[in-house]
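Following: one structure in structure tokens, then a few remarks.
The values are calculated or read from the model by the stated rules, or taken from the named source; none is laboratory data. What you are looking at is a predicted structure, and each value in this text was computed from that prediction instead of being measured. Note that each Cβ is placed from the backbone with ideal geometry, even for glycine, and that neighbours are counted across all protein chains shown.
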Amino acid sequence: MKAALSTLISSKNLNPHSSSSSSLCRSICLRPKPLSPPPCFLSPIAPSKALTTNVRIGLSRKSQTRSANFSSVMASVYKPEEARVPPALPLPTPPVTKASFLFNLCFKIGLCQLSVTPDKERNIAHARKAIEDAAAKGAQLVLLPEIWNGPYSNDSFPVYAEDIDAGGDESPSTAMLSEVAQRLKITIVGGSIAERSGDRLYNTSCVFGTNGKLLAKHRKIHLFDIDIPGKITFIESKTLTAGQTPTIVDTEVGRIGIGICYDIRFPELAMIYGARGAHLICYPGAFNMTTGPLHWELLQRARATDNQLYVATCSPARDAGAGYVAWGHSTLVGPFGEVLATTEHEEAIIIAEIDYSILELRRTNLPLLKQRRGDLYQLVDVQRLNSQ
């Protein structure tokens with residue numbers, strides 16, 4: 001036990017790297033610098049193999065044995081495999097590749113921070129142009145903002161709502177997304193729009209694959225009901241109905257979890273996505289001028305750090321004359337909580353690179369999966385549990 005405690009203390013002497021944030025305005029193309037791994041990781045083989053080789057990870061045989069022994073102690077005492085019910089799924093191999101002497105799993109993401117007006121046809125045409133611009137800059141995945149086809153207000157939701165399931169003329173916003181995704185051969189997380197289904201309205205995000213097919217539809221689970229006297233009051237539940245299902249979807253750019261704005265405040269949802277093997281969580285959102293400065297970046301970095309995956313967000317551009325004023329600051333965050341790309345509040349297209357090989361590296365640097373206390377707590381994925 002003394003040996004295990006000694007090893008525990010020494011294992012905390014981690015040396016996390018830091019990376020600087022990049023401020024981007026207008027149309028910006030960026031290849032973000034990931035956290036710099038030590039030279040020993042620069043090997044033209046899969047990270048999983050590199051991480052088991054003494055020379056590449058710079059460990060002595062003695063320290064490697066000590067680490068293995070400690071992992072065994074943790075597994076027997078902490079029962080990490082029982083911390084997720086059902087057990088966490090292994091991280092799947094994403095289908096994206098990049099020709100390089102390094103084993104990289106890279107692609108570019110485009111975050112389209114759009115100005116939104118009361119003119120629905122203009123908003124749809126404007127979003128189409130932004131997606132095309134992002135794809136022209138190399139984006140294989142494009143993310144749009146929350147409620148991008150009309151104003152964000154309870155009065156507007158019924159007016160701008162579309163019947164997504166009916167499609168065609170009943171849903172011109174999603175018809176555009178489908179057509180563009182197929183034509184440009186890209187994956188689109190279509191922000192969100194107000195959806196009409198029967199006598200109910202939802203705040204809904206649609207994911208389209210490279211063939212233009214609807215891969216998934218996420219209805220906002222946590223509705224934005226907030227009352228900060230003298231600052232902001234908004235009760236989304238006056239007009240909208242809450243969704244009932246977490247949404248995770250396999251795409252040509254990896255396994256993606258979907259949340260909408262207020263969903264980001266609930267770590268349990270992100271933990272479910274992490275346990276289902278997500279590489280990336282996308283949150284179209286429209287934080288406001290009260291909570292945005294305090295919480296927007298903080299929550300993104302927390303969700304990414306807690307689950308050791310990428311988090312991408314996309315907001316509408318700020319319109320100081322609108323009834324609801326968005327904070328902006330669309331952002332991409334890496335699995336160590338580092339801000340890889342961001343912008344201010346003006347309209348902008350952010351192009352940044354996601355490298356999935358970093359996920360395994362960071363999960364080896366900080367082996368949270370092996371350190372969870374299944375003997376003390378559990379995350380229960382009710383949907384998965386009931387489906388077994």
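Worth a mention:
- Residue list for segment 274-326, restricted to those being of a type outside the set (A, V, I, L, M), surrounded by fewer than 23 Cβ atoms within 10 Å (Cβ to Cβ), in contact (Cβ under 8 Å) with a residue 40 or more places away in the chain and under 23 Å from W148 (Cα atoms): N288, T290, T291, E297, D319, G323, Y324
- The residue list K120, K98, K79 contains one member that is charged (D, E, K, R) and at pLDDT 95 or above, which is K120.
- Matching residues in segment 118-151 - criterion: being without any contact (Cβ under 8 Å) to a residue 24 or more places away in the chain and surrounded by 15 or more Cβ atoms within 10 Å (Cβ to Cβ): H126
- Of the criteria (1) within 30 Å of Q383 (Cβ to Cβ); (2) in contact with a Leu (Cβ under 9 Å, 6 or more places away or on another chain); (3) not aliphatic (A, V, I, L, M), which one R128 fails: (1)
- Which numbered condition T342 misses (of (1) surrounded by 23 or more Cβ atoms within 10 Å (Cβ to Cβ); (2) under 18 Å from G257 (Cβ atoms)): (2)
- When residues of segment 193-205 are limited to those that are among the small types (G, A, S) and over 15 Å from T245 (Cβ atoms), the one surrounded by the most Cβ atoms within 10 Å (Cβ to Cβ): A194
- Some residue of segment 152-163 being more than 18 Å from E236 (Cβ to Cβ) and touching a residue at least 40 places away in the same chain (Cβ under 8 Å): no
- Residue selection: A175 fails the criterion of being touching a strand residue (DSSP E or B) at 6+ places or on another chain (Cβ under 6 Å) and assigned to a helix (DSSP H, G or I).
- Any pair with Cβ under 7 angstrom, 6 or more apart, that starts in segment 189-207 at a residue that is in contact (Cβ under 8 Å) with a residue 24 or more places away in the chain and on the phi > 0 side of the Ramachandran plot and ends at one that is part of a loop (DSSP other than H, G, I, E, B) and of a type in the set (A, V, I, L, M, F, W, C): G191/L144; G191/W148
- Failed item, numbered, when R303 is tested on (1) within 23 Å of R219 (Cβ to Cβ); (2) touching a His at 6+ places or on another chain (Cβ under 6 Å); (3) of a type in the set (K, R): (2)
- Extreme residue, farthest from I349 (Cα to Cα), among residues of segment 143-160 that are outside any helix (DSSP H, G or I) and out of contact with any Gly (no Cβ under 9 Å at 6 or more places or on another chain): N154
- Each residue in segment 158-208 was checked for being in contact with a helix residue (DSSP H, G or I) (Cβ under 9 Å, 6 or more places away or on another chain), of a type in the set (G, A, S) and closer than 19 Å to C261 by Cβ, and 5 of them qualify.
- For F234, the conditions (1) of a type outside the set (A, V, I, L, M); (2) more than 20 Å from P335 (Cα to Cα); (3) not in a strand (DSSP E or B) are fulfilled apart from (3).
- Check on L215, at negative phi, in contact with a helix residue (DSSP H, G or I) (Cβ under 8 Å, 6 or more places away or on another chain) and outside any helix (DSSP H, G or I): no
- Checked against the criterion of being modelled with pLDDT of 95 or more and closer than 18 Å to R363 by Cα, the candidates T305, T343 yield just one match: T305.
- For segment 266-287, residues that are under 11 Å from the mean Cα position of the chain (by Cα), within 15 Å of S192 (Cβ to Cβ) and of a type in the set (A, V, I, L, M, F, W, C) total 2.
- A242 vs. criteria of a type in the set (G, A, S) and crowded, with 18+ Cβ neighbours inside 10 Å: no
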